[in-house]
Amino acid sequence: MLSVDLHHAFSGFTLDAQFEAPPGLTVLFGASGSGKTTVINAVAGLLMPDRGRIAVGDWMLLDTGRGVRLKPHRRRLGYIFQEARLFPHLSVKQNLKYGAWFAPKDAPREDMGRVVELLGIGPLLERRPGALSGGEKQRVAIGRALLSAPRLILADEPLSALDETRKAEILPYFERLRDEVDLPILYVSHSASEVARLATTVVVMEDGKVVRQGAAAEILGDPDVLPMGAREAGAVLTVTVKTHHADGLTELDAGGEPLFLPQIAQGPGHRVRVRIAAHDVILSRSRPEGLSALNILSGVVHQVHRGEGAVIVAIDTGAGRVLARITLRSAQALELATGVAVHAIVKTVSVASSDIGAVGG
Amino acid sequence: MLDWLGPEEWAAVALSLRVAFWAVAASLPLGIFTAYALARWSFPGKQLLNGIVHLPLILPPVVTGYMLLLTFGVKGPVGGLLNEIGIVFAFRWTGAALAAGVMAFPLMVRAIRLSIEAVDVKLEQAGATLGASPLWVFLTVTLPMTLPGIVAGAILAFAKAMGEFGATITFVSNIPGQTRTIPSAIYAFLQVPGGESSALKLVLVSVTVAMAALLISEILARRVADRVGGK
C-alpha cells in the first residue's frame, strides 16, 4: 500500500494531492498539466516537495514533519520513464543488472531468467540500447526496473512515446506485471484505453488536485468524471470468454448477457476487460429489430449528464455500467431520465482489440 | 634515427615529454573535478572559478609565470611551505611541469566540461532511482560516457604543455637538462650562431606532436557524440 500526501507550490501552480494506492496497478489519470508527473517524481525523490508524507507500507520515503527526506537512491523504486533512459554505454544485460548491483544483498529479488522470459528480451541481451527499437527499449527498461529489487514500481506514461503498434506490443507486459508481480505499481497516464486495460485503481487529477479515486470500473463508468473530456468517455465491462465462432467472432458472457466481439486472443473461460467507448453506443427505447449490430444490452438509465455539445448517459445493464454519448436532441427525443428503461446497442466491429485486456487472478 | 637529433636536442625532447606527461597526469583529477563542478553544480562564486580557470588562457604567459614565481618560489607563501617538506618547484623540472600544467588547465577543463554537459541529466536520474548514490552515478554513468572527452582534453593539454614557453622560462628559467624544454631549446639555439639546424629539427618535432594531438583529440571528440547517442 502506497500512501501519498503532497503539498508543493510552483510559480503559478500548486500541487495539493492526497491518495492511497492499494496493491495492484494504480493509474494517476488526468490531462497534461494536472500534476501527475510532479506527483510521481516526488514519490521517486527527484522532486522534493515543500511539505508531505509518502510511505510504502511502513517504509517511510518522505515525512517533512519529522525531517525524513530519503534521497532517490535510498527509496528502492523501479522507475520506468517515458523515454526508456537506458544507459547507452552498457549492453542490455548490463543495463538489466545495474539496479540489482545496488540493491541490499538480502532484498527479495526477481529471477533474471524469469524477467527476461516475461518480457521476451532474451535475444537482445548482448546488444546495445542504440540498436533497439522503441518498444524493445521500453521492455528492457521495465526489466531493469523489476530487477532492481524494488518495493514499488513507478511508470510515467511509458507508452506515450510509442506508436500504436508498439503500444499494443507493450501493454500486455504491463498486464502481466500487474497480475504476476507482487508489487504496487503507480502508473501515470492520460489515455483512457490504458486506464481501462491496466488500472486496478484510478486516481483522477485536475489542476494539481486529486478529484476522485476508486476502482477502475466505478470511475470510468461515472459520467461526472471525464478528465479527458466527453470524447474519451467509455465504460469498462469485465466479461468471460465463452466460445470462438467459426465466422471470426468471439462470444462472451457479460453478466448473463451474450456479447459478440471480433476474435480475441484469450481462450474460453478467461476473464477479460472490455472498454466500450461511449461514442460507439446507440440508445433505443424499444428493443430494435432487423439491425446489423449484434449486441443489444437492455438496462435502466442511471444518470443523464449534460456536457457541452453532447450528453453522456450512464446505463445500468445486466453486463454492468455502460456509457453512451449522444446528442442533446436525441436525449430529449427519447425523453431520457434516471430510471427510464433503454436498450444500448454496441456495434461489434467498433470495439478495437486495443480496448480488450486480460484480467488477473 | 637516434643520431638524427644531437644529445642536447634529445635532452630537450625527453624533458618536454616528461614535463608534459606529469603536467597532465597531476592536473587531470583536479581538471575532471573542476569540469564536473562547472558543468553540474550551481554554487556562489561559480563564475569566479570559471574566470580563474580560464585566466592563463588570456593573461600574458609571462604574467602567469611571474605569479607562479611569486607564489611557488622558495620565498613565496606556498613555495616556502612546500620547501620545508622537501618539494621544490623553482628552477627545477617540476616547476616546468607546474607551469605547463597551469597553462594547459583551461584547455583540459573546457574539453571535459563540454563532454560532461553532453551527458543527459535524465540518465543520471535513472541511475539514482536504480539505487546508485551520486558517487556511483558519477563512476558508472557520467564518467564512462565522458571518457573520450576526458582523453581528448588530456591530449590537448599534453600538446599545450609540450609547447609552453613564456610562463616556463619566467618561472624556472632555461637550464639545460633541468628546465630547457623544446621551446626553450629552440629559443636558445636561435640565440647562438649556427644553431638554426638544431632549432629546425626541434620545430619539426613540435609540429608533428601538435598535429598528432589535434587529430587524435578530434577523433575522440566525435566518439563522445556517438557514445552519448548510444551507437
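FYI, it's all coordinate maths here, none of it is from the lab. Predicted model, so just to flag it, every value in this text is computed and none were measured. Virtual Cβ from ideal backbone geometry, glycine too; neighbours counted across all protein chains shown.
In this simple spin-label model, placing a label point 7 Å from the Cα along the Cα-to-Cβ direction at both B:Leu135 and A:Val340 gives a separation of 7.2 nm. Among A:290-299, A:234-243, sorting by the average number of other beta carbon atoms lying within 10 angstrom of each residue, highest first, gives A:234-243, A:290-299. Applying 1/(1 + (r/R0)^6) with r as the Cβ-Cβ distance of B:Leu214 and A:Val349 and R0 = 45 angstrom yields a FRET efficiency of 0.10.
If you line up the long axis of helix A:164-180 against the longest principal axis of chain A, both from Cα atoms, how many degrees apart are they, to the nearest 10? Taking Cα atoms only, the helix is inclined about 70 degrees.
Ordering B:147-156, A:10-19, A:172-181 by mean Cβ neighbour count within 10 Å, with the highest value first, yields B:147-156, A:172-181, A:10-19.
Within 10 Å, count the other beta carbons around each residue, average over each peptide in A:28-34, B:60-66, and list them highest first.
Details: A:28-34: 21.3, B:60-66: 17.7.
Ranked from most to least packed, the peptides come out as A:28-34, B:60-66.
For the segment A:38-51, counting C-beta atoms of other chains within 10 Å of every residue's C-beta and taking the mean gives 1. Shape class of chain A from the Cα gyration tensor (axes a ≥ b ≥ c, square roots of the eigenvalues): oblate, since a/c reaches 1.5 or more and a/b does not exceed b/c. The mean number of partner chain beta-carbon atoms within 10 angstrom of a residue's beta-carbon across peptide A:82-90 is 6.
3J(HN,Hα) along region A:76-91, derived from phi through the Karplus expression 6.51 cos²θ - 1.76 cosθ + 1.60 where θ = phi - 60°, amounts to 6, 10, x, 9, 9, 8, 4, 9, 3, 6, 6, 7, x, 8, 10, 6 Hz, with x in place of Gly and Pro. Label-to-label distance, A:Arg176 versus B:Glu84, with points set 7 angstrom from Cα along the beta-carbon direction: 7.0 nm.
Evaluate peptide B:121-127: per residue, the Cβ atoms of other protein chains within 10 Å of its Cβ; return the mean as an integer. Walk me through the numbers before you get to the answer.
Values: counts 0, 5, 6, 1, 8, 16, 7.
Mean shielding by partner chains, rounded to a whole number: 6.
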